[in-house]
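S.K.: Can you read through this structure? Questions will come right after.
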Amino acid sequence: MVEINERIYPYAVGIDVNNAESSEGDSYMVTFSYPNIFSMGENATQEETIYAVLSTGSSLFDAAQNLTSNLQYPIYNKHLKVLVLSDAVARNPKNVLGIIDGLNRDYVINKMIQLVVTPKTAEELIFGKLKAKRQRTTEGVLYSILINRQNTSMFTPKTLANFIDDMDRTGVSTLPMASMVEDYVDIAGAGIFKNYQLIGYIDAKENEGIAMLNNRIRATGIDATYNGTDLSILATNIKTKKKLIDAENLKVEFLVKIEGQVHEFTLPQGNYTGIDTEEMLHDMEEAVENEVKMNIVNTLEILQKEYQADAIYLSDYLEKYHPNVWEQVKDNWDEVFLEAELEVDVEVVIERRGLTK
Amino acid sequence: MEKLTKDLKENVQYFKGLFKDCDDILFREIEIGDEHKVKIIVIFVDGMANKEFVSDSAIQSLFWKDDLNHIPVDETYELFFNRIFKEAIASAELKKEDKIETIIDNILSGDTALLVENMDKCIVIGSRDGPSRSIEEPKTETVIRGPRDGFNEIMKFNLALVRRRIKDPKFKVKFKQVGRRSRTTVAVLYIDDIVDKKLLDEVKKRLDNVDIDAVLDSAILENLIEDNYLSPFPQVENTERPDSVAAALYEGRVGLIVDNSPFALIVPATMGTLIQSSEDYYERWSQTTIIRIIRIIAMFLSFTAPALYIAITAYHPGLLPTKLIYFLAASRINVPFPSVVEAILMELTMELLREAGTRVSGPIGSTIGIVGGLIIGQAAVDAGIVSPLMIIIVAVTTISTFAIPSYEMATGFRTVRFTFIALAGVLGLYGVVLGIIVLLSHFIILSSFGIPFTSPFSGLGIEEGDLKDTLVKAPIQRLWLRPGFTNPKNKRRMRGHKK
Amino acid sequence: MNKDPKVSNIQIRGLIVSTVIGVGVLSLPNTLTMTMGNKGWVTIILAGILIIPILYIINYIFKINPGKDFFQIGEETFGKIIFKIILIIMMAYFIDFCAYVVRSLGELVEAFLLPTTPIEVIVLSFILATSYLATHEIDVITRGGYFLYPIILLFAGIVILISIPEADFSNLLPLNNIDYSQIPRGLLDSFVSFAGFEMILFALPYVENGKDSTFKSSVYAMAMITAIYVLTYVVCIAHFSVEQLGRQLFPVLQLVKQVDLPGFFLENLDGLIMALWVLVVASTFIPAYFAAGKVISKIFNLKSHKYIILILIPIIYFLALYPRDILQINKILLKPFNILGLMTGVILPLLFLIVILIKKKVKK
């Protein structure tokens, strides 16, 4: 029986590769960050709100164990919210498999823990965020940014459960990429994982493309050029449907339907009537469609040609809706994916113009 | 001596000997007739018999009756006796009696005995009176809407209060006596064409089996007739309200009114009935439904709240939301005791306060509640002995205990509360659940006069729709059948609906 | 007062549901997915349907022998000696049932609730707590079953409802690649989760009103159980991939842990589910414990099974703790449970039927 105030509840943890010379089986360097309960509540006696501690170990749990030599209370992992994988750790599939397996087996760790990858070291990120400004929540800035449904497409949060699910279905997953930009924590873009190995990064725009295809965006802003001026649209409803066109030579069509409203539009000189003709609206929609299609096609290229990573759940789609086709192609899926013809058709409907014309 | 003899002197000697040193039992000798005088001895208890009434309607009417003063010479004592009996005494309740035991019983209940010379029978005048409380609102069961008369200690008034509400000749009242020395009268109340005969017979059988010196209050009787007297929970309902008794009788249950006790007993009692209050029937159904659900939550909280607090904070902090964890931990930083000790300390203090509050009545009593609750609690938190959440938990627990309509059920839960705290301290949430299993088992095993205690939750009475009136409260239009758990004979109580 | 225990029709329903739904729920999706992929719901429904004739046989046995309880009918049908052998097999079954159930529960409680408490304490305290109710007669047990039956429905309801928002039902597709060769194995796996309906052997003779609709009640109960199992299975598939289900030992619990609805302090649901779960297991364990005691008391011709229950405490305790880990649990407790369960639940009623029919023919 351990009293509630006699435990430490870390909410973020980062895993790095241990570069020290005398590692001896302690292959990871693990950083925990946890709030300082003495700085909370009415009888707050201390100022610092978060602490971070560092340890080495052969696994997450081993490192927590090793920390008992200098921490007063035992670590209780149930409230871990974010796990940061460093680039070095993620590049090695054995590491990733081991970590994921450990998390999966453990009784205590919440399977909704958010996974995040960072291009430098996790230690840097976690210690960095201690000094980051503008963070006052008890759950930490990483977690708050991740789950805060800000309707953004710049990154797609993934939990442990999502990650394992993706790996089982398609062998490909994306994890949001977090880094310290000056003094602030920034999460944008994603790292692509194939078969539990980090193979590359995509930026925010490409992430948006993938997210659109996977029905993972709630709303986002799209910029397009129309008649030489900038047009800004807020897309509120984005749905994608996949359709198999040709089974022999794999050809799949993605139908993206976007509903949106006008955010900002610079009217050309002398036009006082605003957006008022059907034709004008239609042209604007077409402009947005082209913009989106370009982005998605670009993203698909990168996925297919550069990474050969099916981050768009194509194999899952075939397995469920066209099992006969799947039977034929599943053995050399990588090749098939490379050669597959992926067509994109975008349909934009601008429903509202805002308060003015 | 079993029966009166014809010798007045012998009778009086016997009585005087029996009532030796009972200075409150008075003997009055009168003589009637002018030429031929007949001696009459009047015996009564000062304070229990209405002296005025006895003087007026018994003794005075004997003196003032003209033709009594002219007693014909040839009239036998027997004839004279019958004349007095039929024509002279202006009392509504009158009987002839010759058994000594009954006469003693009557005198000691407040009746007056008239012993006549040369007669082996005496006249017993019903003159029971005595100090009694006026009819007041029952202190333990107040309602916002509904009748406010409550029982007092006098049997006949109590019976009247119930009879007023059931003007049906099928409403029967049978007297029985319990207690060898106290000879307390117990009235068995039931409605003949509704009640289940087996239940009635069982009640009568149990009353007959009571063998004890004295039954001072209905509570003692309750303990003697219930199925499992070792259980911390009551299997007999008690109430101070005549409307509750009447309602129970209409449901096919049996009521017991005990002389000298303002608490009437109702059998059988089940969990369903023990969480009802009479107010439920006088308010609107939607309100009552919500209140009943709250009551059930209160019942649950009254014994599990501190235990759950201990279990969750000490064993399973993972069950709380993250933000709550941090603040809870922050609030407990400098508390020196483990939460089990905290809980026991505060609960004990609460019990002490409650006990002290009941001993002291009036304005001081309520001050203790405020002083204890606010000040001690606050002081304890400030001193850092107890965490503020603990105070809240203890307060919630106590309030929940008061929300349970049946006082005995509440005390039953109070008793088990400490066991649950111990269980939580040892085995956390698992311990609490094990405790609940044992408690539930106890309820399931318990039965009240043959009816399972957990009706209607355990199947008896479901078909008659008992559930409509326990967990929630259906509007009165929907409750056209009597509750089924008592196996009543006459199921339909409202017209216009078919089963 | 309890010379002849009395049970009502509705209580039978409650007894069956609360006894059967127990340990099987948690791990059913796991074992099924390994053999049947994401089409396991087919075998669940099949298993449910196949049990109905057995229920009919059991009801029939009691209908044509009115007024006699199971032990009397058994003696008359099979003769004393053979019936005693049958009773011994049943005894082994129920004791194994108890040991398996309590050990599984112990493992779970230790893992999720009390990691630092020795499993011996957990198991022993459970057996002690439940022995209180098990010493009483069948009518009390049935009452308990009916009382706990809404709690079980509540448990199932919570699990299913909270997973619906985030469920991806397309995981059930494709619907037509059913691997027919695996169905028998799938049936066997599912059958274990339906074990417990044998309780009605002890309760049916005492039903007092509505003797004719006991079959209906039993079928209704079975339908409810099948529905709950199917829904739980479907919801698990909708949340996890087949591989993940194959890995997870307790997918239903994982499901509850993984739900993330906004605005609720849902982390609490974890604990509520675990607490309810212990109650659900208790409602399964107590009838089996009672049955074990009753059967043993009849083997030795004792009047009351009270003392047997007490003697069983150390027996079940040691048997439950004998396997060292999960693999041994499966080998030592689960396998015999399967076999004995089939014997008691399926073969026994069939034997009864055959012998009764033969006797009828012989009479003619």
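Read-outs: derived from the displayed coordinates by stated rules, not from any lab. In this text the structure is predicted, and so the values were computed from the model without any measurement. No Cβ is skipped: glycine too gets one built from the backbone with ideal geometry, and neighbour counts run over all protein chains shown.
S.K.: Pairs of Cα atoms under 8 Å, at least six residues apart: use those to get the relative contact order of chain C, whole percent.
M.R.: Averaging sequence separation for qualifying contacts and normalising by length gives 41 percent for chain C.
S.K.: Further question: By how many degrees, between 0 and 90 and to the nearest 10, does the Cα long axis of helix B:388-403 differ from the longest principal axis of chain B?
M.R.: The helix B:388-403 is inclined about 30 degrees to chain B.
S.K.: Moving to a separate point now. Per residue, how much space in cubic angstrom lies within the convex hull of the C-alpha atoms of chain B?
M.R.: 191 Å³
S.K.: Let me ask something else. Where does chain A land at 222 nm, in deg cm²/dmol rounded to the nearest 500, when only DSSP H runs of n ≥ 4 count, each adding -39500 (n - 2.57), divided by all residues?
M.R.: -8500 deg cm²/dmol
S.K.: Beyond 20 Å, what share of the Cα-Cα pairs of the stretch B:279-347 is found? Please give it as a whole percent.
M.R.: 49 percent
S.K.: Which of C:H305, A:H79 comes first, and how do the rest follow, when ranked by fewest Cβ neighbours within 10 Å?
M.R.: C:H305, A:H79
S.K.: Using alpha carbon coordinates only, what is the Rg to Rh ratio of the stretch B:8-125, with Rh defined as the Kirkwood radius?
M.R.: 0.94
S.K.: Give the long-range amide H neighbours of A:F155: residues separated by 5 or more places, or on another chain, with amide H under 5 Å away, using H modelled in the peptide plane at 1.01 Å from N.
M.R.: A:G189
S.K.: Still on this structure, I have one more. Which aspartates and glutamates, if any, have their Cα less than 15 Å from the Cα of B:K6, not counting same-chain residues under 8 positions apart?
M.R.: Straight-line reach from B:K6, under 15 Å: B:E78, B:E97, B:D98, B:E117, B:D120.
S.K.: Taking 0.36 nm per intervening residue step and subtracting the Cα-Cα distance, what contour gain separates B:V396 from B:E87 on full extension?
M.R.: That pair, B:V396 and B:E87, stretches by 104.4 nm at full extension.
S.K.: Which links in B:K9/B:K96; B:K20/B:K204; B:K205/C:K303; A:K257/A:K330; A:K242/C:K39 stretch past 31 Å when you go from one Cα to the other?
M.R.: The pairs that break the limit, which is 31 Å between Cα atoms, are B:K20/B:K204.
S.K.: For the stretch A:4-202, calculate the relative contact order in percent as a whole number, restricting contacts to Cα pairs under 8 Å that are 6 or more residues apart.
M.R.: Across the stretch A:4-202, relative contact order equals 20 percent.
S.K.: When Cβ neighbours within 10 Å are restricted to other protein chains, what is their mean count per residue of peptide B:432-439?
M.R.: Neighbouring Cβ atoms belonging to other protein chains average 6 per residue here.
S.K.: Right, another one. Give me a single rounded figure for A:160-167: the average over its residues of other chain Cβ atoms within 10 Å of their Cβ.
M.R.: Shielding by partners across A:160-167 averages 3.
S.K.: Continuing with this model, one more query. Rounded to the nearest 500 deg cm²/dmol, what is the calculated helix-only ellipticity per residue at 222 nm for chain B, with -39500 (n - 2.57) per DSSP H run of length n ≥ 4?
M.R.: Value at 222 nm, helices only: -13000 deg cm²/dmol.
S.K.: Two decimals is fine: what is log10 I(q)/I(0) at q = 0.07, 0.11, 0.15 Å⁻¹ for the stretch A:4-202, from a Debye sum with one equal scatterer on every Cα and no solvent?
M.R.: Each listed q maps to, in turn, -0.19, -0.47, -0.90.
S.K.: Assuming a viscosity of 1.567 mPa s and a temperature of 4 °C, what translational diffusion coefficient in µm² per second does Stokes-Einstein assign to the stretch B:314-418, Rh being the Kirkwood radius over Cα pairs?
M.R.: Rounded, D is 85 µm²/s.
S.K.: If you take every residue apart from B:K139 with its C-beta less than 12 Å away from the C-beta of B:K139, what net charge results, scoring Lys and Arg +1 and Asp and Glu -1?
M.R.: With Lys, Arg at +1 and Asp, Glu at -1, the net is -1.
S.K.: What trypsin sites (Lys or Arg not before Pro) in the stretch B:183-286 are in a loop by DSSP, with at most 13 other Cβ atoms within 10 Å of the Cβ?
M.R.: Those satisfying the criteria are B:R284.
S.K.: Just how large is the dipole of chain C about the Cα centre, in debye to the nearest 20, putting +1 at every Lys and Arg Cβ and -1 at every Asp and Glu Cβ?
M.R.: Dipole about the Cα centre, nearest 20: 1780 debye.
S.K.: Okay, moving on. Can you give the longest run of chain A that contains no GluC sites (Glu not before Pro) sitting in a DSSP loop with at most 13 other Cβ atoms inside 10 Å?
M.R.: A:49-181
S.K.: For chain A, take the longest principal axis of its alpha carbons; what is the angle in degrees between that and the long axis of helix A:204-213, to the nearest 10 within 0 to 90?
M.R.: Once rounded, one gets 70 degrees.
S.K.: Also: Counting other C-beta atoms within 10 Å, which of B:W285, C:W41, C:W277, B:W64 has the fewest, and how do the rest follow?
M.R.: So the residues, fewest neighbours to most, are B:W64, B:W285, C:W41, C:W277.
S.K.: Just the number, please: Stokes-Einstein D of the stretch C:9-363 in µm²/s, Kirkwood Rh from C-alpha pairs, 37 °C, 0.692 mPa s.
M.R.: In µm²/s, the coefficient is 157.
S.K.: Please give the direction-averaged projected area of the C-alpha convex hull for the stretch A:211-352, in square nanometres with one decimal.
M.R.: In nm², the orientation-averaged hull projection of the stretch A:211-352 is 9.3.
S.K.: Compute the semi-axes of the equivalent ellipsoid of the protein assembly as shown, taking the square root of 5 times each eigenvalue of the Cα gyration tensor, and list them largest first in whole Å.
M.R.: For the protein assembly as shown, the ellipsoid semi-axes come out as 76, 38, 30 Å.
S.K.: Right, here's the next one. Rank these for me by crowding, B:C122, B:C22, going from fewest to most other beta carbons within 10 Å.
M.R.: Ascending Cβ contact count within 10 Å gives the list B:C22, B:C122.
S.K.: Another question about this same structure. Near the amide H of A:N36, under 5 Å away, which other amide H atoms are found, from residues 5 or more places off or on another chain, if H is placed in the peptide plane?
M.R.: Here A:I50, A:Y51 satisfy the definition.
S.K.: With the convex hull built on the Cα atoms of the stretch C:130-218, state its orientation-averaged projected area in nm².
M.R.: Averaged projected area of the stretch C:130-218's Cα convex hull equals 9.5 nm².
S.K.: Something else about it: Pairs of Cα atoms under 8 Å, at least six residues apart: use those to get the relative contact order of chain A, whole percent.
M.R.: 13 percent
S.K.: In addition: From the C-alpha gyration tensor of the stretch A:84-226, pull out the three semi-axes of the equivalent ellipsoid (sqrt of 5λ each), sorted largest to smallest, in whole Å.
M.R.: 23, 20, 15
S.K.: Can you show me the helix-derived [θ] at 222 nm for chain C, built from DSSP H runs with n ≥ 4 at -39,500 (n - 2.57) apiece and divided by the number of residues, rounded to the nearest 500.
M.R.: -24000 deg cm²/dmol
S.K.: Say a paramagnetic label sat at a point 7 Å from the Cα of A:Q308, along Cα to Cβ; which residues of the stretch A:75-99 have their backbone N under 17 Å from it?
M.R.: Hits in the stretch A:75-99 for A:Q308 at 17 Å: A:93.
S.K.: In Å, what is the Rg of the alpha-carbon atoms in the stretch C:1-157, and how long is Dmax?
M.R.: Reported Rg and Dmax, both Å: 18.7, 55.
S.K.: Pairing the Cα long axis of helix A:278-301 with the longest principal axis of chain A, what angle in degrees results, from 0 to 90 and rounded to the nearest 10?
M.R.: Computed tilt is about 50 degrees.
S.K.: Rg and Dmax of the stretch B:155-269, using alpha carbons, in Å: what are they?
M.R.: When restricted to the Cα atoms of the stretch B:155-269, Rg and Dmax are 13.1, 39 Å.
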